[in-house]
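These notes concern the structure reproduced below.
The values are calculated or read from the model by the stated rules, or taken from the named source; none is laboratory data. Values in this document were obtained by computation on a predicted structure and should not be read as measured data. Backbone-built Cβ (ideal geometry, glycine too); neighbour counts: all protein chains shown.
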Amino acid sequence: MQAARTMRTARIVAAAVVFGLLGTAAIETYQHARAVDEMTGAARALLASLSDEQAEKATFAFDSEERSRHHFIPPEVFERHGMVYADMDFEQKVRALDLLRSGLSYTGYLTAQQIMEVEGILGVLVEGEGRRFARDQEAYWVSVFGTPEAGGTWGWRWEGHHLSLHYTIVDGEITVSTPTFLGANPATVPSGPRRGLRAMKEQEDTARALLASLNADQREVAIFDDVAPTNVVTGADLVVDPLDPIGIPGSALTAGQQDMLMAVIESYVGIMADDIAALRRASILAGGIDDIRFAWAGPTERGKVAYYRVQGPEFLIEFDNTQEDPNHIHAAYRDFDGDLGRDLLREHVARMH
């Protein structure tokens, strides 16, 4: 414990020294350059490993309508385009995972891997139940929009059932990279060698911890309905507007509860690569924690259907566990102005014209 605390202190001191030497602008420039360089290199390496036919499937014009298509539902009910991971050879799969890893933190990459692994487990479960549609942990599509190059404007997407990740680079600068959809079915693996695996443990447990900390008066404000919505309210809408300002605001929480609220947010922000996560945190904190609201719907007991949302001036998080008894999670992180890089693209167009 002491060793871990010492290491954290050392990192903070080192960061402070670097901050003092370089200044905020220089650090942000370095972070952006590092993140974009990693993504650009990974995307170029993947495309170089593909055959002409595969590359044609994987690539689209940056301004194509395909870039705005997204969903977290199964492929049989939402046709997906791109190069499917299942049809890649070993080297290509390594390159594809390098690209996925470039956009995620260690925790985020582990979460994505577990979501895909659970999809394979679901495949075994539904096959045993004789359901019509199979599930496959390799049924994920990789798409690149535009030309990955330094200083360029391009993007990429990794998407399949319960995992939809989008990244946009504008004039060589990375955006907060939303929308982000996560899901897990089963939310808790019920049997077999991976029994007890919970791919989205942090997203559920941090919110339940905050809910449990509220006193009776606070719960009266936070819980807006005894019945939970059957899914995330905003679904996969291309553009989302702020929902009704319901729930308890950060200003009505104690300091400890505010930390718990930030832990809920961090369970989503922290899945992204460090540089992207830093942009998300800055955007969130710019609005101040006082105006961030936490809202719950449905029973409060674990094992019952549940829904919550966290909404601030710039962003929205939704979570539901309302299907399969319930054992089936959907979650979304949206940016009101920055989904698919809209804010930076608007500035880009203004500069160009």
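Return a yes/no flag: does segment 264-271 have any residue that is in contact (Cβ under 8 Å) with a residue 24 or more places away in the chain and surrounded by fewer than 14 Cβ atoms within 10 Å (Cβ to Cβ).
Within segment 264-271, not a single residue is in contact (Cβ under 8 Å) with a residue 24 or more places away in the chain and surrounded by fewer than 14 Cβ atoms within 10 Å (Cβ to Cβ).
Applying the selection to segment 101-145, what residues are charged (D, E, K, R), modelled with pLDDT of 85 or more and surrounded by fewer than 19 Cβ atoms within 10 Å (Cβ to Cβ)?
First pass over segment 101-145, keeping only residues charged (D, E, K, R): 101, 117, 119, 127, 129, 131-132, 135-136, 138.
Within this subset, residues satisfying the condition of being modelled with pLDDT of 85 or more are 101, 117, 119, 138.
Answer for segment 101-145, where residues must be charged (D, E, K, R), modelled with pLDDT of 85 or more and surrounded by fewer than 19 Cβ atoms within 10 Å (Cβ to Cβ): Arg101, Glu117, Glu138.
Counting only residues that are of a type in the set (S, T, N, Q) and within 24 Å of the chain's Cα centre (by Cα), which one in segment 242-258 is surrounded by the fewest Cβ atoms within 10 Å (Cβ to Cβ)? Before the answer, list the steps.
Step one: filter segment 242-258 for residues of a type in the set (S, T, N, Q), giving 251, 254, 257-258.
Filter once more, so that each one left must be within 24 Å of the chain's Cα centre (by Cα): 257-258.
Working: Gln257: 19, Gln258: 17.
The residue in question is Gln258.
Confirm whether Thr180 is among the polar types (S, T, N, Q) and at pLDDT 95 or above.
Working: among the polar types (S, T, N, Q): yes; at pLDDT 95 or above: yes.
Considered against the rule, which asks whether it is among the polar types (S, T, N, Q) and at pLDDT 95 or above, Thr180 comes out as yes.
Every residue in segment 46-82 that is under 23 Å from Arg342 (Cα atoms) and of a type in the set (Gly, Ala, Ser), please. Break it down into steps so the answer makes sense when it comes.
Narrowing segment 46-82 to residues under 23 Å from Arg342 (Cα atoms): 58-72, 80-82.
Ala58, Ala61, Ser64, Ser68, Gly82 - these are the residues of segment 46-82 that are under 23 Å from Arg342 (Cα atoms) and of a type in the set (Gly, Ala, Ser).
Do you know which of the residues in segment 193-225 that are among the hydrophobic types (A, V, I, L, M, F, W, C) and over 14 Å from Phe294 (Cβ atoms) is surrounded by the fewest Cβ atoms within 10 Å (Cβ to Cβ)?
Within segment 193-225, the subset among the hydrophobic types (A, V, I, L, M, F, W, C) is 197, 199-200, 207, 209-212, 214, 216, 221-224.
With over 14 Å from Phe294 (Cβ atoms) added as a condition, the list becomes 197, 199-200, 216.
Numbers: Leu197: 18, Ala199: 28, Met200: 23, Ala216: 6.
Restricting to residues being among the hydrophobic types (A, V, I, L, M, F, W, C) and over 14 Å from Phe294 (Cβ atoms), the top hit is Ala216.
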